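The values are calculated or read from the model by the stated rules, or taken from the named source; none is laboratory data. From a predicted model like this one, the values you see are computed outputs, not experimental measurements. Here the Cβ positions follow ideal geometry from the backbone for every residue, glycine too, while neighbour counts run over all protein chains shown. Each accessible area value is taken on the protein alone, full model and side chains, heavy atoms only, with ligands, DNA and RNA left out. Shrake-Rupley method; radii C 1.70, N 1.55, O 1.52, S 1.80 Å.
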Amino acid sequence: MAHLAKWLNEEKIQFLESVPDWQTAIEAVARPLLQEQAISQRYVDTIIQQKQDIGPYFVIAPRIAMPHARPEQGAEKLGLSVLKLAQGVNFDADENDPVDILFMFAAPDSNSHIEMITQLAEVLSDEEKMAQVLSAANQAELSRLLLS
């Protein structure tokens, strides 16, 4: 299993029943990174604006979004947070909607996030692990899956 515990802890793994819209999902997944000052509010605003301007560039697969912006758009330090939704939300991402898991990452430069993204890619490409993650029913179960 990939070692996401290097970047994640229970405070950065959230589980919500639902959100009213995709903007609220972005704001929710960003909250732990804002609290630890890994990102600024400008980072969140940029992601929302870019989605409105160019579409859901960060919806990478059915049910999965990886919202992010460029380092100079408000990433202060390396960060990763996760939001799992019991009821998915639409991002206007066609066959990839609804999205029910979001992995937000931030990197203050072009290179520091490579190890984190590599580990995250291992999780995302592990079909058995992702099936468990996508079917997690609460925060404790999600944390156990992502931190073990």
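State the percentage of accessible surface on the range 69-148 attributable to carbon and sulfur atoms; use a 1.4 Å probe and exclude ligands, DNA and RNA. Please report the intermediate quantities before stating the final value.
Working: 1680 of 3690 Å².
Accessible surface attributable to carbon and sulfur in the range 69-148 totals 46 percent.
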| request: About the Cα centre of the chain, how large is the charge dipole given +1 on each Lys and Arg Cβ and -1 on each Asp and Glu Cβ? Please answer in debye to the nearest 20. | output: 340 debye
| message | Suppose all protein chains stay in the model; what accessible area per residue would a 1.4 Å probe give for the chain, in Å²? | response | 48 Å²
| said: Give me P(r) over the chain, computed from all C-alpha to C-alpha distances, binned every 10 Å, as integer percentages. | reply: 12, 46, 37, 5
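How much net charge surrounds GLN37 when only the other residues with a Cβ under 15 Å from the Cβ of GLN37 are counted, with Lys and Arg +1 and Asp and Glu -1? Can you show the working numbers first?
On the way: positive: LYS12, ARG31, ARG42, LYS77; negative: GLU11, GLU36, GLU76.
Result for the neighbourhood of GLN37: +1.
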| remark: Carbon and sulfur atoms account, in whole percent of the 1.4 Å probe accessible area of the range 1-55, for 44 percent
| task | Provide the net charge surrounding MET104, with neighbours chosen by a C-beta distance below 11 Å and charges set as Lys +1, Arg +1, Asp -1, Glu -1. | result | +1
| Say the dipole of the chain comes from +1 at the beta carbon of Lys and Arg and -1 at that of Asp and Glu; which of VAL29, ILE48, ASN9 then lies farthest toward its positive end? | ASN9
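Scan the range 1-75 for GluC sites (Glu not before Pro) in coil per DSSP, keeping those whose Cβ has at most 12 other Cβ atoms within 10 Å, and list them by number.
Values: sites: GLU10, GLU11, GLU17, GLU27, GLU36, GLU72; in loops: GLU17, GLU36.
Of the GluC sites (Glu not before Pro), the ones in loops of the range 1-75 whose Cβ has at most 12 other Cβ atoms within 10 Å are GLU17.
Would you compute, from DSSP H runs of 4+ residues alone, the mean residue ellipticity of the chain at 222 nm, taking -39500 (n - 2.57) per run and dividing by the full residue count, rounded to the nearest 500? Kindly include the intermediate steps, with their values, before the conclusion.
Values: 5 runs with 57 residues, N = 148.
Mean residue ellipticity, 222 nm, calculated: -12000 deg cm²/dmol.
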